[in-house]
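As structure tokens, the structure follows; a few thoughts come after it.
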């Protein structure tokens, strides 16, 4: 799988994850926060509406972001 294919797969995973967690009613106690990392990766955080510092779920996870960054660094070292 190429680097571009892997990036597309991750983006598709994020889109599906967001779609699966959309609130079903306006009274939902969760809120969404969006961020873009230095590597231009979209990060969606589902946070507690009252305590915005409490992250309920994050897509992609911190582990996935770290893995992607390590993979990117390896590709840079290899000149790919």
| note | Condition set at pLDDT below 85 and surrounded by 10 or more Cβ atoms within 10 Å (Cβ to Cβ), scope the range 38-57, selection farthest from the chain's Cα centre (by Cα): answer is 52
| field | Of all residues making up the range 57-71, the number that are in contact with a strand residue (DSSP E or B) (Cβ under 8 Å, 6 or more places away or on another chain) and within 15 Å of residue 38 (Cα to Cα) | value | 2
| said: Can you report the number of residues in the range 47-61 which are in a strand (DSSP E or B) and under 11 Å from residue 17 (Cα atoms)? | reply: 3
| said: Test of understanding: among 76, 5, which residue is at pLDDT 85 or above, exposed (fewer than 10 other Cβ atoms within 10 Å of the Cβ) and in a helix (DSSP H, G or I)? | reply: 76
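The values are calculated or read from the model by the stated rules, or taken from the named source; none is laboratory data. Nothing here was measured: the structure is a model prediction, and the numbers come from that model. So basically every Cβ, Gly included, is an ideal-geometry build from the backbone, and we count neighbours across all protein chains shown.
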